[in-house]
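For reference, the structure discussed in these notes is given below.
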Amino acid sequence: MALDPALADRIVKAVDDGFDAQLDYLKTLVRFPSQRGDEHAVQDFVFQELRKRGFAMERFAMDEEAIKRHPGGSPFSDTHSTAPIVVGIHRPKAETGRSLIMQGHIDIVPPGPLEMWTSPPYEPRIDGDWFYGRGAGDMKAGHGAMVAVFDALKRAGVQPAATVYVQSVVEEESTGNGALQCHLRGYKAEAALIPEPSQGKITRGNVGVVWFQFTVQGHPVHVREAGSGQNAIEAAFGVMRKLRELEAFWNTKTPDHPLFKDEAHPINLNFGKIKGGDWASSVPAWCTVDCRISIFPGEKPETMMRAIEETIAKAARDDRFLANNPPRVVFNGFTTEGYILAPGSEAEAVLGRAHQRAWGEPLKESVTPAYLDGRVYALFDEIPTLNYGPSAERVHGFDERFSIESLRKATKSMALFVAEWCGTEAV
């Protein structure tokens, strides 16, 4: 049953009335430099903010052994975050509606060289419709919107008439293990809403991701006799060229995946970090390269992992030195599947009505060649998982930003969705 028009009007007005406060809350979130492993302080803040609003609170660590045993788990490394997961649980007076998981990740990527930012990355800046800051778009805007939804509903005199889990997770940018831990913890619902930046569209599908690292050992000598040594950095370049061939091969499979037919290059390999050598006048003895590559939905990460190992082994066989000193490969992050959201669910229909009311246009869909935590709920809980949020630009780059007006509209959509999906009761 569609939402009562009078209540819908009250909710929309309530979002507008509280929007300045929502932006102030978001400014506080952005000021936390919550890079991987440094999310403890912001998680404490989120815990306190949800508790102030009357949520039943839980805070817990990840269970490494349980994650390792699960097919959706990614490997732990020495840089894996130890910050807790925070969950606020809304319990209604009477359970008459449909339950919901709302989830946002609070971890962000490094800012890079600070001099390349127009303004400091952890000092939020507003310029016209744009809100700037590291993590502002990905995804603190959506994370804060989850709280704003409950504030708006309360301002409108109602609350969800069903259990809602508001989950603040870490490790979304590295392994996806935070969302998986929520699943393993036992939080279950009839749908999930994840407000990642999606340009106000629903995400129909996304790729899986594999992180790996390879290390090449060279033979160090003084640079005066460089020809008698083996340069590990230069040898790594040969391995990288072979991995580019693997990337090209996987992109030839695009016609087999109709959702991605309009994506020019859906499978992307990235050489994200490279370290090597110890001295400018010594032929480098070592080189380590951290990489990321994606896989199409429906493919298992193990398939790509084997292909990576085989590609690097072939690169070694083709090199006289590496044939006797093969590179070492470690999978040190994401080993995750992608997923496709099947059309036609009631949850999507409810979101479509909410979007139409907030944006004045039909809900559109898109796909993304990036990882999304929604894979946990789509693959392992098999529930409708709606990835939907504001418009953002330059995520993971300099001067990251999101559209303020798109956040206002997306927050209205989310609040209307929660009200209709969960039903409402008086506060």
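Here are a few things to note about the model shown:
- The angle separating the long axis of helix 301-317 from the principal Cα axis of greatest extent in the chain is about 20 degrees.
- Sites D4 and T118, calculated FRET efficiency, Cβ-Cβ separation with R0 41 Å, nearest 0.05: 0.35
- Angle between the chain longest axis and helix 5-17 axis [Cα atoms, degrees, rounded to 10]: 60
- Full extension of the chain between A61 and H219 gives 52.6 nm of extra length, using 0.36 nm per residue less the Cα-Cα distance.
- Cα centroid separation - region 227-280 against region 137-153, whole Å: 37
- The loop-placed chymotrypsin sites (Phe, Trp or Tyr not before Pro) in region 205-303, going by DSSP, that have at most 12 neighbouring Cβ atoms within 10 Å of their Cβ come out as W279.
- Within the assembled protein chains, the solvent-accessible surface assigned to I340 is about 100 Å², based on a 1.4 Å probe.
- Between the Cα long axis of helix 232-251 and the first principal axis of the chain there is an angle of about 50°, rounded to the nearest 10.
- Nearest-10 value in Å² for the accessible area of H222, using the 1.4 Å probe: 90
- Per DSSP, loop trypsin sites (Lys or Arg not before Pro) in region 247-304 with at most 14 further Cβ within 10 Å: K253, K261
- In this structure, K188 and N270 have a Cβ-Cβ separation that, at R0 = 41 Å, corresponds to a calculated FRET efficiency of about 0.75.
- Solvent exposure of the chain as accessible area per residue, Å², 1.4 Å probe: 42
- Nonlocal amide H pairs with G333, under 5 Å, H built at 1.01 Å: W211
- Computed with every protein chain present, the accessible area of R51 is close to 120 Å² [probe 1.4 Å].
- Accessible carbon and sulfur surface of the chain relative to its total accessible area, %, 1.4 Å: 51
- The charge dipole of region 350-427, taken about its Cα centre with unit charges on the Cβ of Lys, Arg, Asp and Glu (plus for the first two, minus for the last two), comes to roughly 260 debye.
- Sparse-neighbour loop sites [trypsin sites (Lys or Arg not before Pro); region 302-384; at most 10 other C-beta within 10 Å; DSSP]: R320
- Cα-based Rg and Dmax for the chain, where Dmax is the largest Cα-Cα distance (Å): 23.2, 82
- Ranking G18, Q35, G88 by how far each Cα lies toward the positive end of the dipole of region 14-117 (charges on Cβ) leaves G88 at the top.
The values are calculated or read from the model by the stated rules, or taken from the named source; none is laboratory data. Worth saying up front: this structure is predicted, and the values here are computed from it rather than measured. In this analysis, Cβ positions are derived from the backbone assuming ideal geometry, glycine residues included, and neighbour counts consider all displayed protein chains. Note: accessible area is taken over every heavy atom of the protein model, side chains too, but ligands, DNA and RNA are not part of it. Shrake-Rupley method; radii C 1.70, N 1.55, O 1.52, S 1.80 Å.
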